[in-house]
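Undergrad: First the structure, then my questions, so here it is.
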Amino acid sequence: MQPPVVEICHVSKYFSKVIANSDVSFSVGKGEVVALLGENGAGKSTIMKILYGLYSAVEGEILIDGKTARIKNPKDAMSYGIAMIQQHFSLVFPHTVTENVILGNVHGWIRLEEHDRKVKAIADSYGFDIPVTAKVGSLAVGIQQKVEILKALYLNARILIMDEPTAVLTPQESETLMQFIKDFASRGNSVIFITHKMKEVMEVADRIVVMKAGKVAGIVDSRSTDEGELARMMMSSDLEPAVREDDTEAGSDVLSVENAVMTDRSGLRLLDGLSFTVHSGEIFGIAGVSGNGQDELCEAICGTSHLSSGSIRFMGRDITSESVRARIDAGIGYVPVDRHRDGMIGQMTLSENMLLKKSYGGEWVHHGFIRQKELDNYTADRIKQYQIKATGPDDSAHNLSGGNQQKVVLAREIDAGKHLVVFNQPTRGLDVGAVERIHHSILSEKREGKAVILVSTELSEIFALSDRIAIMYQGRIMGIYRNGELTTEEIGLLMAGVDYEKAQ
Amino acid sequence: MISILTRAIMMSTPLLLGSVAEVYAERTGMMVTAIEGIFLLGAWGGFVGTYMTGSLAVGMLVAIAAGVATAAVYAAITVLLKQQQIVTGTAINILAGGFCAYFQRVLFGIPTTPLQISILDRIPIPFLSSIPVIGPMLFNQNILTYFAYIVIPVSYIVLYRTSLGLAIRSAGENPEAADASGINVNRIRFLTVLAAGAMGGLAGSFYTIGYLGMFTTGIIGGRGWIAFAICFLGNWNPRGAMFGTLVFGLAEAVSIYLQSTGGIAVIPNEFVIALPYILTIILTIAKRNFAVPAKLGVPYIKES
């Protein structure tokens, strides 16, 4: 029997003691399409980056055509015929399609016209309609992805890795991509694609490798499984006990989002007509795989992005087109997903970071001068209250650990958000102790009578804290349920875009 | 009139070499902010080399070596140690000034009369130089100017028609993509800066061995920065650099001419001297749609 084209044997990888992959083994045959399915952080991308030589494995080995392969960098991978299309394209935007395709693969004099013809011929052989002399930056995302594929085809890749290839595509573009994958595999090549969308998996994959917490949770044949089984394998079943109190009476309406639509430049709908209302004294959990419009929704509520259509009402007032500052003044707090980019300034002191949103005026600014003493006292008080490990109010923010930085942002935003606090993945990347502490803070805000929006990709977190749960998928809300109404499996299906009520 | 144009072409030479050097480097993402210092060390190196040996060829080689050495210091700090390019360049420029002044004194003491060297001869090209008007203007220049003529088309071809050029341009636009294609981004940046240093050193030497025949510490007087600005105005390509250079060369020639004839009564002399600099500001404001290399000035740090 012919050996499999790729065989991954007992590969493990750690990032400073955090396990990214643990004892991962699976194989890919000739002409086979294998899907890597799993939640965010399950280690899917990591194992593929190891195969492509971007990361080095700590343990285990990789066999290509039955022989041990030493892949130390992408160049090595390419020499084995492996190509990877990453989530973020590696394209040089001001260059033409041809220049992008031949980058790194030509020597000396370049006869552009000849290369144009050659690239065009490869594109035509797969029915890609690509203007090879156009600048890549001027093309639509779907076409740019085809340019990435062309790069692989130009190198005669026979093993194609795709990291969430449909994440940025419209449904129609996804359809053509699926066609290509089938076509490419039918010519004796192999495809590994990473995804969390079950529909695609069922449609195109021959075999499915389900990953969970860095390990292979199971390998199944796509003909002998169904979406329910896959969801069960993907989700973590051992949920933490809820610290949430019993359901409380819903208070008055604080925030109402009506028919919110947001489109990006290419017309792709990031938010696709969603509506919901959040009440005082309520934690409204938003579950979903990241990148399904949660960040955009948070930004629309806090005013850093604006809706294309639809409206947002806050405390009975239409704030759809109000500025960020007006919304801060109205009492909306926002803990952004990327605290380093949007939440704090590392080089500044903790006091200065506390002042960030109130630098226009208010209690610590008097006639344009900062009341340093009051500000420092306040900051010192918050350091104590939130048990932030810092030397004092004049410590630089970047000296703090991730968890303590997050507490600083949290302290500021909880005070700023008098009526509503939006938490976008507040515990991402934090250790267990910090997570506990932050969960405690979120619950106490609810007790204070504030409205809370909690976006999280961790279902355990959603279950532990939320009163109601909305599931987002591709910019839409798949449904809003009371906590306890749904099982993990049902939520998993909704997160993957399957309407489970119909599926039953 | 012809003599002004001849002089304009002549004065364009170092600016052209310097701005094309900058084009190469900036296309890889490296702003060579040490260009002023590279010019100065090139000028000094050219002078010292020629004075010591009596050979202009040796002078040029020393100038190139001095330029490369300065660029190597700059590249080591910015490419290898990933330090801020503007700060590093400024520091090197200041250092270069002190270095030249000090060693000029160490080598030559304080001479009573300025030390002189003979300068590069004009080489009239047979036939071409006897074409009326443009003949003496274009084809009765020194060897550095002829070299500059060749640099323009060669650079154009290198940048747009060779794999090296593709690698250079990619390194400045999307180093991650270049890296993923097997191109060693930091190596190409380092080597391109060295090459720019060689060209910049040669450009600087023009002021001593191609024009004045002597060295003063103020000899460059911001012309390195003008070359730097021309690279921007020329939209990071050799053809644009050529046009930009001619404009500045002309401004400088007019300015020298007016100074030598005592100036025009209505326009103050100071304005004439400031002309090239004022021009830089006006052109920078007037020009839109800069094709700035996306990662210009950003160190490339590879994730592991």
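The values are calculated or read from the model by the stated rules, or taken from the named source; none is laboratory data. These figures come from a predicted structure and were not determined experimentally. Methodologically, a virtual Cβ is constructed for each residue, glycine included, from the backbone with ideal geometry; neighbour enumeration extends over all protein chains shown. Protein only, heavy atoms only, side chains kept; ligands, DNA and RNA dropped before computing areas. Shrake-Rupley method; radii C 1.70, N 1.55, O 1.52, S 1.80 Å.
Undergrad: Looking only at the range A:76-93, filter to residues that are loosely packed, with under 15 Cβ neighbours inside 10 Å and either within 20 Å of B:Glu173 (Cβ to Cβ) or touching a Pro at 6+ places or on another chain (Cβ under 6 Å) (or both); which one of those is nearest to the other protein chains (Cβ to nearest Cβ)?
TA: A:His88
Undergrad: Filter the range A:23-45 for residues that are more than 22 Å from the chain's Cα centre (by Cα) and surrounded by fewer than 21 Cβ atoms within 10 Å (Cβ to Cβ); which is farthest from A:Val5 (Cα to Cα)?
TA: If we take residues in the range A:23-45 being more than 22 Å from the chain's Cα centre (by Cα) and surrounded by fewer than 21 Cβ atoms within 10 Å (Cβ to Cβ), then A:Asp23 is farthest from A:Val5 (Cα to Cα).
Undergrad: Related question: What are the pairs with Cβ atoms under 7 angstrom where one residue, in the range A:329-353, is under 14 Å from A:Gln405 (Cβ atoms) and the other, located anywhere, is of a type in the set (A, V, I, L, M, F, W, C) and open to solvent by 50 Å² or more (accessible area, probe 1.4 Å)? Sequence gap at least six, or different chains.
TA: Going by the 7 Å Cβ cut-off, the qualifying pairs are A:Asn353/A:Ile345.
Undergrad: Every residue in the range B:108-127 that is open to solvent by 70 Å² or more (accessible area, probe 1.4 Å) and free of Cβ contacts under 8 Å to residues at least 24 places away in the same chain, please.
TA: Matches in the range B:108-127: B:Ile110, B:Thr112, B:Thr113, B:Asp121, B:Arg122, B:Ile123, B:Pro124, B:Pro126, B:Phe127.
Undergrad: Could I ask something else about it? Answer yes if at least one residue in the range B:236-258 is open to solvent by less than 60 Å² (accessible area, probe 1.4 Å), at pLDDT 90 or above and within 20 Å of B:Ala43 (Cα to Cα), and no otherwise.
TA: Taking every residue of the range B:236-258 in turn, at least one turns out to be open to solvent by less than 60 Å² (accessible area, probe 1.4 Å), at pLDDT 90 or above and within 20 Å of B:Ala43 (Cα to Cα).
So that you can scan it fast, the table gives a plain yes or no per residue for (1) open to solvent by less than 40 Å² (accessible area, probe 1.4 Å); (2) of a type in the set (Phe, Trp, Tyr); (3) modelled with pLDDT under 90:
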| position | (1), (2), (3) |
| --- | --- |
| A:Ser190 | yes, no, no |
| A:Ser222 | yes, no, yes |
| A:Leu230 | yes, no, yes |
| A:Ala242 | no, no, yes |
| A:Gly251 | yes, no, yes |
| A:Ser256 | yes, no, no |
| A:Ala260 | yes, no, no |
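Undergrad: Additional query: Looking at the range A:150-167, can you tell me whether even one residue there is farther than 30 Å from A:Ala69 by Cβ and away from chain B (no Cβ under 14 Å)?
TA: no
Undergrad: Quick one: in the range B:138-189, of everything that is crowded, with 21+ Cβ neighbours inside 10 Å, away from chain A (no Cβ under 14 Å) and touching a Ser or Thr at 6+ places or on another chain (Cβ under 9 Å), which residue is nearest to A:Ser90 (Cα to Cα)?
TA: B:Arg189
Undergrad: Return yes when B:Gly45 is farther than 23 Å from B:Arg187 by Cα, open to solvent by less than 10 Å² (accessible area, probe 1.4 Å) and either touching a residue at least 40 places away in the same chain (Cβ under 8 Å) or hydrophobic (A, V, I, L, M, F, W, C) (or both) and no when it is not.
TA: Considered against the rule, which asks whether it is farther than 23 Å from B:Arg187 by Cα, open to solvent by less than 10 Å² (accessible area, probe 1.4 Å) and either touching a residue at least 40 places away in the same chain (Cβ under 8 Å) or hydrophobic (A, V, I, L, M, F, W, C) (or both), B:Gly45 comes out as yes.
Undergrad: For A:Ile19, indicate whether it is open to solvent by 70 Å² or more (accessible area, probe 1.4 Å), away from chain B (no Cβ under 14 Å) and hydrophobic (A, V, I, L, M, F, W, C).
TA: Yes: the conditions hold for A:Ile19.
Undergrad: Continuing with this model, one more query. Give the residue, chosen from A:Ala213, A:Ala205, A:Ala185, that is hydrophobic (A, V, I, L, M, F, W, C) and open to solvent by 50 Å² or more (accessible area, probe 1.4 Å).
TA: Exactly one residue qualifies, and that residue is A:Ala213.
Undergrad: Give the residue, chosen from A:Leu270, A:Leu307, A:Leu297, A:Leu274, that is buried (at least 18 other Cβ atoms within 10 Å of the Cβ), hydrophobic (A, V, I, L, M, F, W, C) and assigned to a loop (DSSP other than H, G, I, E, B).
TA: Only one candidate qualifies: A:Leu307.
Undergrad: OK, next. Which residues, taken from the range A:95-112, are surrounded by fewer than 20 Cβ atoms within 10 Å (Cβ to Cβ) and in contact (Cβ under 8 Å) with a residue 24 or more places away in the chain?
TA: Result: A:Asn105, single match.
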